[in-house]
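The values are calculated or read from the model by the stated rules, or taken from the named source; none is laboratory data. Just so it is clear, the structure is predicted and the values come from calculations on it, not from any experiment. In this analysis, Cβ positions are derived from the backbone assuming ideal geometry, glycine residues included, and neighbour counts consider all displayed protein chains. For the accessible areas, the whole protein counts, side chains as well, though only heavy atoms, and no ligand, DNA or RNA atoms are used. Shrake-Rupley method; radii C 1.70, N 1.55, O 1.52, S 1.80 Å.
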Amino acid sequence: MQAVILAGGKGTRLAPYTKIFPKPLIPIGDMPILEVLIRQLKYSGVDEIVLTVGHLANLLQAFFSDGSRYGLKINYSFEDKPLGTVGPLSLIPRPAESFFVANGDVLTTMDLKGLYDSHCDSGAVVTIAVHKRSVKINLGVIQTNSDHGVVNYIEKPSHDYLVSMGIYVFQPCVIDLIPRGQYLDFPDLIKILLERGDKVGVHPFEGYWQDLGNPADYEQATLDFESMRGEFLKEA
């Protein structure tokens, strides 16, 4: 089983840490965030990983090497220029079977093998792992009609959304739709698939997931990893 980990971004939301350090090497406890994900993928049956790299690629390659110490094979795909969040997939060899795609900074307790099996049973060309997030508006919201009359007043409402966790499973055919060496983001790829009539599915997850989007989230993730270590890293 194969996985592609997108590790070429600059991680600007965690600057200044990521000015001299690639975001996937940011430590969570006593190991980089990417090492946690690699160990989880190995536990889930993955035996080959492609790291797509760009920003500070030499540091990632020096740390993870060929993957032998994790009991799997790691290859590297290099971006000469930024290709967006999905464009780097155009540079890798077409996998022979459905494969994981993940961001290099995902921290979750999700059962990755369960995600993979769900995808294979669904008939979807892409399955997106999703998590529910609530967005609270800390203001009174006014709803009006076409005559500027007030029809409702809602004090500090919350709205629930399903958001991408940054973990996916792709069928190999999706690679063929990504223009080689051209910039492409995930939302654009999903729109291409939907316009073609392809099935794109979701895999809801209600357990722990943290987006390392800012220093506060990073600090919380570090605390959570220390207190929940056994839930993140299971013995094979």
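Some notes on this structure:
- Bridge orientation summary for the chain: considering DSSP beta bridges with both residues in this region, about 55 percent are antiparallel.
- In order along the stretch 219-225, the Karplus-derived 3J(HN,Hα) couplings, from 6.51 cos²θ - 1.76 cosθ + 1.60 at θ = phi - 60°, round to 5, 5, 4, 4, 5, 5, 5 Hz, and Gly and Pro are given as x.
- Along the chain, the exposed loop sites are GluC sites (Glu not before Pro) outside DSSP states H, G, I, E and B with at most 15 other Cβ atoms within 10 Å, and the longest stretch free of them is 98-205.
- With only Cα atoms counted, the stretch 134-236 has Rg and Dmax values of 20.5, 64 Å.
- The chain: relative contact order as a whole-number percent, Cα under 8 Å and 6+ apart: 25
- Under Karplus coefficients 6.51, -1.76 and 1.60, residue-wise ³J(HN,Hα) of the stretch 81-88 in Hz, glycine/proline x: 8, x, 10, x, 7, 10, x, x
- Cα centroid of the stretch 130-145 to Cα centroid of the stretch 48-84, whole Å: 40
- Coupling constants for the stretch 27-38 follow from the phi torsions by the Karplus curve (6.51 cos²θ - 1.76 cosθ + 1.60, θ = phi - 60°), and in residue order they are x, 10, x, 9, 8, x, 4, 5, 5, 4, 5, 4 Hz; glycine and proline get x.
- Charge dipole (Cα centre; +1 on Lys/Arg Cβ, -1 on Asp/Glu Cβ; no other charges) of the stretch 172-224 amounts to roughly 380 debye.
- Kirkwood hydrodynamic radius of the chain, from inverse mean 1/r over distinct Cα pairs, in Å: 19.1
- Across the accessible surface of the stretch 1-143, with the other protein chains kept in place and a 1.4 Å probe, carbon and sulfur atoms take up 53 percent.
- Where only DSSP H runs of four or more residues are counted, the chain gives -7000 deg cm²/dmol as its mean residue ellipticity at 222 nm, each run worth -39500 (n - 2.57).
- At R0 = 45 Å, FRET efficiency that the Cβ-Cβ distance of Tyr76 and Ile154 yields, to 0.05: 0.35
- Test item: Cα-centred dipole of the stretch 113-222, Lys/Arg +1 and Asp/Glu -1 on Cβ, debye: 60
- Build a GNM of the chain with springs between Cα atoms under 10 Å apart, and of Val150, Val101, Val130 the one that fluctuates most is Val150.
- Database remark: amide H of Val50 closer than 5 angstrom to the amide H of Ala3, Val4, Ile5, Asn75 (H placed geometrically; neighbours at sequence offset of 5 or more, or on other chains; Pro and chain starts carry no H).
- Links that overshoot a 32 Å alpha carbon limit, given the list Lys23/Lys113; Lys81/Lys234; Lys23/Lys234; Lys42/Lys156; Lys132/Lys191; Lys73/Lys132: Lys81/Lys234; Lys42/Lys156; Lys73/Lys132
- Note that the stretch 1-139 presents 43 Å² accessible area per residue, ligands and nucleic acids not counted, probe 1.4 Å.
- When the chymotrypsin sites (Phe, Trp or Tyr not before Pro) in the stretch 164-206 are filtered for DSSP coil states and for at most 16 other beta-carbon atoms within 10 Å of their beta-carbon, the remaining sites are Tyr183.
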